[in-house]
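Report on the structure given below.
The values are calculated or read from the model by the stated rules, or taken from the named source; none is laboratory data. Everything numeric in this text was worked out from a predicted model, so none of it was measured. Virtual Cβ from ideal backbone geometry, glycine too; neighbours counted across all protein chains shown.
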Amino acid sequence: MSQDYRKVFILDQDIKHANRLSKLLTQQGCQQVVRFDSGVKVLSAIAQGDSPDLLVTELVTSDIDVFTLLHDLSSSSFEGQVLLVSGQDERVLGTANEVAVSLGCPVLGSLRKPLIVNELQWILREHKKPLAIKTSRSMDSLSCYDLKRGLRSGALLPYYQPKWDTARRRIIGFEALARWRGESGLIQSPATFIPTAEKHGFIDEFTHRFLRVVLADVQRLQAVDPKQTMAINFSIDTLENRELPDVLEKMAQILGIALDTIVVEVTESRLSHERINLLEVLARLHLKGFKLSIDDFGTGYSSLYRVKDIPFSELKIDQSFVQGALADSSARAVIRSSLQLAEDLGMSVIAEGVEAKENQVLIEEMGCSLMQGFLFAKPQAFESVQEMLVAQVADEATKQQRLSIL
Ligand code: G
Ligand code: MN
């Protein structure tokens, strides 16, 4: 299963630990494991073209610490993934993880010492795909010209990801995610185009075009099941526009869509004091009957203050906590306190980014049954989520019929 990791470097001064790790990695199918006792030697091997698929590193090495190492790796030719290991406080691991993410280093995860075999196996199995995408090197943003031309030719399109109620085993709604279909047909994520649209001041045009398509799709989905909700991610720049509540209301009303089936998602880290109109716009959306959801909860700095102030009806626990929950007790603590906070404030909670069954079970045990994630369904084109919904409605009708016969 880890044959993808043909070459692995281990950077660890602790010989006993490095030996054990090396043995385990070999057992997991890694073809070549090379041990290093110095960060400088790792960097110089990489500089000479000898680069691993995976670098497993301690936080503190004999010559450089992990932060220096990550900075140097991000400007080297290293294209592999990083697995952090430490006997230190988990929060230090968390900080190193965050720094790596901000540098665009694909972090596979973090492991505590002493090493637990299952934990290593789980990380290698579940996270072959990196947690962080290399934003700095592998994702080229689109130019302003590309965007303007693409907008007119329909390059902007929504993908939809179902939201699941695992207790009732059904789809309860969807989240619309903006995607860009490039000329080659390649589907790209918002990181490639939203910043450019924001920078050049046409995010509102973007939002309007996107909303028109999404709301038309909502109408079609609700024709299948009227209770389905649609969550839409709004740029903070759009939420600064005082006309938004009226515009959104009019668009929904024309299509006969109930306003309380539309969920406005706001990313927590972008809720800022400096945004003069933001609070007013959110409050007016709420007064009109739209639902407000706080996205990526736990990643911003103003969590508690903002949650108290803004009438959110839903809180979405950021995927980093959800995915870290099995191995990291601090992540579990964040989830537990988010659930408590939501309960006290009468909000529902959705766990984002559930990729593994083990995670689903753990999150359920913690008291949360609403989830989103690749385990249930990836974001996909309208036609395929519509099919899923049609199948669900047909299935429920059959069950209902059987019950009424009995
Ligand atoms: O910021 P927001 O939570 O709206 O971002 C959602 C993003 O997360 C989408 O781009 C979607 O593709 C991605 N996503 C959804 N489910 C999963 C998952 O299970 N794992 C990972 N890694 N990403 C996910
Ligand atoms: Mn979202």
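Can you tell me which residue in region 12-39 is farthest from the chain's Cα centre (by Cα), limited to those that are part of a helix (DSSP H, G or I) and of a type in the set (A, V, I, L, M, F, W, C)? Looking at the filtered set, the residue picked out is Ile15.
Only residues that are touching a residue at least 12 places away in the same chain (Cβ under 8 Å) and surrounded by fewer than 19 Cβ atoms within 10 Å (Cβ to Cβ): list them for region 200-216, please. Spell out how you get there, then give the answer.
Start the filter on region 200-216 by keeping residues that are touching a residue at least 12 places away in the same chain (Cβ under 8 Å), which leaves 200, 202-216.
The answer is His200, Phe202, Asp204, Glu205, His208, Arg209, Arg212, Val213, Ala216.
Flag not set for Ala231, criterion: at pLDDT 90 or above and either polar (S, T, N, Q) or more than 16 Å from ligand 1 (Cβ to nearest atom) (or both). Only one of the numbered conditions (1) modelled with pLDDT of 95 or more; (2) within 14 Å of ligand 2 (Cβ to nearest atom); (3) in contact with a Phe, Trp or Tyr (Cβ under 6 Å, 6 or more places away or on another chain) is not met by Glu268, and that is (1).
In region 352-383, the qualifying residues are those that are touching a Phe, Trp or Tyr at 6+ places or on another chain (Cβ under 9 Å), more than 10 Å from ligand 1 (Cβ to nearest atom) and among the small types (Gly, Ala, Ser), and the one that is modelled with the highest pLDDT is Ser369.
Out of Gly346, Gly353, Gly324, Gly373, report the one residue that is away from ligand 2 (no atom under 16 Å from the Cβ) and surrounded by 16 or more Cβ atoms within 10 Å (Cβ to Cβ). Spell out the reasoning first.
On the way: Gly346 fails: surrounded by 16 or more Cβ atoms within 10 Å (Cβ to Cβ); Gly353 fails: away from ligand 2 (no atom under 16 Å from the Cβ); Gly373 fails: away from ligand 2 (no atom under 16 Å from the Cβ).
Step by step, each of Gly346, Gly353, Gly324, Gly373 is checked, and only Gly324 is away from ligand 2 (no atom under 16 Å from the Cβ) and surrounded by 16 or more Cβ atoms within 10 Å (Cβ to Cβ).
For region 152-186, the candidate set comprises residues that are touching a Phe, Trp or Tyr at 6+ places or on another chain (Cβ under 7 Å) and away from ligand 2 (no atom under 16 Å from the Cβ); within that set, the residue that is nearest to Val218 (Cα to Cα) is Ile171. Figure legend. Inter-residue proximity from region 141-165: first residues closer than 14 Å to Gln188 by Cα and modelled with pLDDT under 80, second residues among the aromatic types (Phe, Trp, Tyr) and surrounded by 14 or more Cβ atoms within 10 Å (Cβ to Cβ), beta-carbon distance below 6 Å, spacing 6+ or different chains. Indicated pairs: Leu142/Phe193.
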